[in-house]
Amino acid sequence: MISLKEQVSKVRSGETQAEAVVKEALNQIGKTQHLKAYLSVLPEYALEKARALDGRREKGEALGPLAGVPIAIKDNIVVSSGKTTCASRILENFQSPYDATVVERLLAAGAIPVGKTNLDEFAMGATSETSAFGAPINPLDPTVIPGGSSGGSAVAVASGSVPVSLGSDTGGSIRQPAACCGIVGMKPTYGRVSRYGLVAYASSLDQIGPFAHTVADAALLLNVIAGHDKHDNTSSTQEVPDFTAGIGKGLKGKSIGIPKECFGEGLDPEVESVIRAALAACEREGAKIVEVSLPSLKYAVATYYVIATAEASANLSRYDGVRYTTRTQSPKNLYELYAKTRSEGFGAEVKKRILLGTYVLSSGFYDAYYMQAQKVRRVITDDYANAFKQCDVVAMPTLATPTPKVGKVFQDPMAMYLQDIYTVAVNLAGLPGLSLPAGKVAGLPTGLQLIGRPFAEQELFQVSDAVEKLVAM
């Protein structure tokens, strides 16, 4: 498979027409529709954009860094063409009047959205099985999950319908599906990418990021979507460097921290063996491996599910059947309108998280749960800061187990929540994290997660690129 740079070069030179590239992507989507990666496809919209881009090239106009690249967009990121459902019945007919900032930036760079991808309902889940429209299927093995919540975006890339896609990551929702589907998934630093146009789950944790086949392609995509946005008060004003600048520079002089808390009870021995082999290869290539400690990591899942559900309870209160959501038929009064609309529109997992969030925010429990969780969040952030005094990046598995079988985790709420045991702390601390395939367990890929300092994505991509080349040898 050619790189994004090579594909863009062919479109810019006229060797390949953008229209032909988009037609091939749409054809591949059709061939793989049984995988349920997409909730909607945008053929007319995509072909119109492609033809316009080809027309600009023929006129000699300069084309952007993603000229002619077909891309899939997670269906909780709004696009003005087609629907944005968040894989929920309550939004099944919603059409956005505007494009998310990341979509605007993709279009300006010449990328062409071809479809909206499947996900856990409102991004609440770790398997993509909470989608109201049926779960996407892992193209590597239909008996195992594709990961969640951005399962459709991962499946779209892994199945070859698009070279790159966008997902969102609130507690591991990019990194975990990337690990399950054997591709690269990257969550940027909180605030690095605008959330304007991302349907909110947990506003202090959500972040949009790329899926790709290679680290270099993910870095190129992040170059386009990163940067301050006046529409998002939480977006950072930090300068955006060229994230591809470190690609190919290797590991010499870099130190990788291994948290001792991540390599003990609960970690599958075969997964541990693959991860340690990858780290040993890094050491042979000149990286320094150091042991670090993240003592508060054991509190991360509990802390995450207090904060995330509290924010979800507030954010999802807007879906009331009054303005733009699906509305129950013939309610007798206002109370029944609210109650029936939400009961009929939301799935079981979303209801569960709204109730939990409302509980931890309620009088008498706010201090005991929500405020306490915010204090632990600060401790987790401090633990990572202390670890980075000893290393450049932190490494750990993306998943503690081999990719779970379909239905196994979904039927056990605690098991599903523990799927994200190694990923949620990165969101709580607002750090950049990347998952890449490190090897195979039982014939399926397992992911190595690399975590960087705040806004040190360039360094994270450099290390990740070097590791990717080592484990692929």
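Any residue at all in segment 122-129 that's of a type in the set (A, V, I, L, M, F, W, C) and part of a helix (DSSP H, G or I)? Yes, the conditions are met somewhere in segment 122-129. For residue 325, are the conditions met, namely being open to solvent by less than 60 Å² (accessible area, probe 1.4 Å) and either farther than 30 Å from residue 470 by Cα or in contact with a Lys or Arg (Cβ under 7 Å, 6 or more places away or on another chain) (or both)? Yes.
Kindly indicate whether residue 424 is of a type in the set (A, V, I, L, M) and either open to solvent by 20 Å² or more (accessible area, probe 1.4 Å) or in contact with a Lys or Arg (Cβ under 6 Å, 6 or more places away or on another chain) (or both). Walk me through it before giving the result.
On the way: of a type in the set (A, V, I, L, M): yes; either open to solvent by 20 Å² or more (accessible area, probe 1.4 Å) or in contact with a Lys or Arg (Cβ under 6 Å, 6 or more places away or on another chain) (or both): no.
The answer is no for residue 424.
Selection of helices (runs of 4 or more DSSP H) fully inside segment 262-373 by the criterion of at least 1 residues being without any contact (Cβ under 8 Å) to a residue 40 or more places away in the chain returns 269-284, 334-345, 348-361.
Residue 39 - would you say it is among the hydrophobic types (A, V, I, L, M, F, W, C) and crowded, with 22+ Cβ neighbours inside 10 Å?
Working: among the hydrophobic types (A, V, I, L, M, F, W, C): yes; crowded, with 22+ Cβ neighbours inside 10 Å: yes.
When the stated conditions are applied, residue 39 passes them.
Kindly indicate the residue of segment 74-101 that is in contact with a helix residue (DSSP H, G or I) (Cβ under 6 Å, 6 or more places away or on another chain) and touching a residue at least 40 places away in the same chain (Cβ under 8 Å) and also most open to solvent (accessible area, probe 1.4 Å) among those meeting that condition.
Initial filter on segment 74-101 (in contact with a helix residue (DSSP H, G or I) (Cβ under 6 Å, 6 or more places away or on another chain)): 74, 76, 79, 81, 85-90.
Cutting the leftovers down to touching a residue at least 40 places away in the same chain (Cβ under 8 Å) gives us 74, 76, 85-90.
Values: 74: 0, 76: 4, 85: 12, 86: 1, 87: 0, 88: 0, 89: 102, 90: 1 Å².
Ranking the candidates gives 89 first.
For segment 211-254, a residue qualifies if it is of a type in the set (Asp, Glu) and touching a helix residue (DSSP H, G or I) at 6+ places or on another chain (Cβ under 8 Å), and the qualifying residues are 217, 229, 232, 242.
Take the conditions more than 19 Å from residue 432 (Cβ to Cβ) and open to solvent by 10 Å² or more (accessible area, probe 1.4 Å) and apply them to residue 145. Does it pass? Against the criterion (more than 19 Å from residue 432 (Cβ to Cβ) and open to solvent by 10 Å² or more (accessible area, probe 1.4 Å)), residue 145 does not qualify.
Looking at segment 342-361, is at least one residue more than 22 Å from residue 413 (Cα to Cα), small (Gly, Ala, Ser) and open to solvent by 70 Å² or more (accessible area, probe 1.4 Å)?
Looking through segment 342-361, none of the residues is more than 22 Å from residue 413 (Cα to Cα), small (Gly, Ala, Ser) and open to solvent by 70 Å² or more (accessible area, probe 1.4 Å).
The values are calculated or read from the model by the stated rules, or taken from the named source; none is laboratory data. Quick caveat, the model's predicted, so the values are computed rather than measured. Ideal geometry is used to build each Cβ from the backbone, glycine not excepted, and the neighbour counts take in all protein chains shown. Keep in mind that these areas ignore ligands, DNA and RNA; they rest on the heavy atoms of the full protein, side chains included. Shrake-Rupley method; radii C 1.70, N 1.55, O 1.52, S 1.80 Å.
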